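J.: Have a look at this one.
Read-outs: derived from the displayed coordinates by stated rules, not from any lab. Keep in mind that what you see is a predicted model, and the values were worked out from it rather than measured. Glycine also receives a Cβ, built like all others from the backbone with ideal geometry; neighbour counts cover every protein chain displayed.
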Amino acid sequence: LMSPEPRIVIIGAGFAGTMSALSAARLRDAYGAEDGIEIVVVAPEPVLNMRPRLYEDDPAQMSAPLEELFRVTGVRFVEGCVRTINKSTPAVIIEQNNGEQITLGYDRLILAAGSRVVHPPIPGLSEHCFSVDQRHEADELWQHIHELAEQPVSEQRDTVVIAGGGFTGIETAAEMPQRLRTALGKDANVRVVVVERAEAIGPDLGPGPRPVIEEALSSLGVEWMLGKAVTKVDATGVTLEDETRILSKTVIWTGGLRATPLTEQIEAPRDELGRLVVEHDLRVPGNPEIFATGDAASAATDNDGHRTLMSCQHAMPLGRFAGHNAAADLLCAPTMSYSQERYVTCLDLGPWGAAFCEGWDRKVMLSGSAGKKIKEEINSTYIYPPKAEREVALAAAKPGITADV
Ligand SMILES: Cc1cc2nc3c(=O)[nH]c(=O)nc-3n(C[C@H](O)[C@H](O)[C@H](O)COP(=O)(O)OP(=O)(O)OC[C@H]3O[C@@H](n4cnc5c(N)ncnc54)[C@H](O)[C@@H]3O)c2cc1C
């Protein structure tokens, strides 16, 4: 796997990793350096998993193929999981899906390995909770919901508890009554309860969209309990800190994300989510040959003190800058400073619609079915990778191109 030309290794084929690869290929193309730089993406499989859609129906289908896209743009794909970043060689050690280890040297490294939902040490959580964080986890949940129909009617069978009332918890809860009725029959006595430790639903979303969220959840028959932490989960339900028991065979954990543990292998400042705090060109301080991007990075979005969030909205543009800058370094071209002034939030609220908000105070601009139209466009078009046509794909990876929404 050694090659004579300088190599960019990108860890991860998510929103940021895919865009990084295309963007590096775009600059390489612009410099006529096709044979001069090798671009390699390392990930468990050559697909882009559509994490923001995993609360929707049939999550097993929520992925986009990348093989052809990488082939037409001259990006090499190596299947496997990076276990070690060895800065002194410099190289990454990859465990392939068959268990074999390979070493891949790099000249520039882009860490785009994303994030995972955090499992705090709550008894029974890891054994008994479902998740919508990764595709296989979301698929297990949907299969379980369909299997519930084979069980006799009971309070436990017909109740779903969503532990965590943030963005993901709200989107999952809003979808759930309809999903349960589809699986269990339209007359089933379904109960969906969101349990949130903070004193407000969507604590990180601020007060802007809260009335709309509350209206939507109420109209869908979703209950929420605030100021209550889950202290125990078992096969028959959850226990809250005030000893309240909620009987349920379906407890979904949505309590917060943390950056890839690979960030801990790089000596540099990290934030409270484990993200590397990067410079304006997304370089990791003190590590001139390493860039971090997507959910693995915290970058300034503007000069007003705002920083990127763990979102596709930031991961895709961050990827465009990281890929560009890694290639620019090798081509002796100047790097570009990342910035992204506009910020929107679009929260799916199930059959009720969606809330489309603008700005960091999340002022609701559109709600109900008007908001839903935008959400559907984001989920079906905007977050998907470009067509596997060389010119189209490279043009879509230009840093700083503005989003349509
Ligand atoms: C249910 C849900 C709803 C969401 N809704 C929204 C939304 O409405 N709007 C929004 O903007 N964002 C939303 N998000 C957040 C969004 O999905 C993430 O911010 C986004 O996926 C981050 O992109 P990324 O490329 O940094 O990481 P990821 O998409 O997590 O991709 C990481 C990639 O790295 C690979 N990888 C991980 N570890 C390794 C390793 N050791 N070696 C090799 N490869 C590795 C993974 O397989 C994957 O290919 C949602 C997330 C969830 C779970």
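J.: List the longest stretch of the chain that has no exposed loop site; here a site is one of the GluC sites (Glu not before Pro) assigned by DSSP to anything other than H, G, I, E or B, with at most 14 other Cβ within 10 Å. Intermediate values should be presented prior to the final figure.
T.: On the way: sites that count: Glu34, Glu100, Glu150, Glu199, Glu241, Glu243, Glu267, Glu272, Glu341, Glu389.
Between exposed loop sites, the widest span is 273-340.
J.: Pull up the DSSP beta bridges for the chain and report the antiparallel fraction as a percent, rounded to 5.
T.: Values: 35 of 69 bridges.
Counting only bridges with both partners in the chain, antiparallel ones make up about 50 percent.
J.: Follow-up question, since we're still on this one. How high is the relative contact order of the chain, in percent, with contacts defined as C-alpha pairs under 8 Å that are six or more residues apart? Don't jump to the answer; show the numbers that get you there.
T.: On the way: 916 pairs, mean separation 81.8, N = 405.
Worked out over the chain, it gives 20 percent.
J.: Which of the trypsin sites (Lys or Arg not before Pro) found in the range 316-405 are loop residues per DSSP with 12 or fewer other Cβ atoms within 10 Å of their Cβ?
T.: Arg342
J.: How big is the Cα convex hull of the range 104-207 in projection, averaged over all directions, in nm²?
T.: Working: hull surface 41.3 nm².
Averaged projected hull area, Cα only: 10.3 nm².
J.: With θ taken as phi - 60° and the coefficients 6.51, -1.76 and 1.60, list the Karplus ³J(HN,Hα) couplings across the range 282-288 in order, rounded to whole Hz; mark glycine and proline as x.
T.: 6, 7, 7, x, x, 10, x
J.: Under Stokes-Einstein, with the Kirkwood radius over Cα pairs standing in for Rh, what whole-number D in µm²/s applies to the chain at 4 °C and 1.567 mPa s?
T.: 59 µm²/s
J.: What residue among Asn303, Asn325, Asn49 has the largest mean-square fluctuation in a Gaussian network model of the chain, using Cα springs under 10 Å?
T.: Of Asn303, Asn325, Asn49, the Gaussian network model singles out Asn303 as fluctuating most.
J.: Hey, what number do you get for the chain at 222 nm if only DSSP H runs of n ≥ 4 count, each worth -39500 (n - 2.57), divided across all residues, to the nearest 500?
T.: Only helices count here, giving -8000 deg cm²/dmol.
J.: So how much slack lies between Ser126 and His146, counting 0.36 nm per residue of separation and subtracting their Cα-Cα distance, in nm? Let's see the in-between values first.
T.: Working: separation 20, 0.36 × 20 = 7.20 nm, distance 2.13 nm.
Contour length minus the Cα-Cα distance gives 5.1 nm.
J.: How many angstrom lie between the Cα centre of the range 19-48 and the Cα centre of the range 129-171?
T.: Taking the Cα centre of each part, the range 19-48 and the range 129-171 sit 38 Å apart.
J.: Show the residues, 5+ positions off or on another chain, whose built amide H is closer than 5 Å to the amide H of Met225.
T.: Amide H neighbours of Met225, under 5 Å, 5+ apart: Val194, Val195, Glu196.
J.: So what J values fall out for the range 242-253 if you push phi through Karplus, 6.51 cos²θ - 1.76 cosθ + 1.60 with θ = phi - 60°, rounded to Hz, Gly and Pro as x?
T.: Listing the rounded values in order: 8, 6, 4, 10, 10, 6, 6, 8, 9, 10, 10, 8 Hz.
J.: Could you list the trypsin sites (Lys or Arg not before Pro) in the range 131-190 that lie in coil according to DSSP, counting only those with at most 14 other Cβ atoms within 10 Å of their Cβ?
T.: Values: sites: Arg135, Arg157, Arg179, Arg181, Lys186; in loops: Lys186.
Answer in residue order: Lys186.
J.: Something else now. Give Lys186/Lys387; Lys232/Lys375; Lys186/Lys373; Lys87/Lys232; Lys249/Lys363 a once-over and call out the pairs whose C-alpha atoms are over 32 Å from each other. Numbers along the way, then the final one.
T.: Numbers: Lys186/Lys387 40 Å; Lys232/Lys375 35 Å; Lys186/Lys373 26 Å; Lys87/Lys232 41 Å; Lys249/Lys363 37 Å.
Distance filter (> 32 Å) returns Lys186/Lys387; Lys232/Lys375; Lys87/Lys232; Lys249/Lys363.
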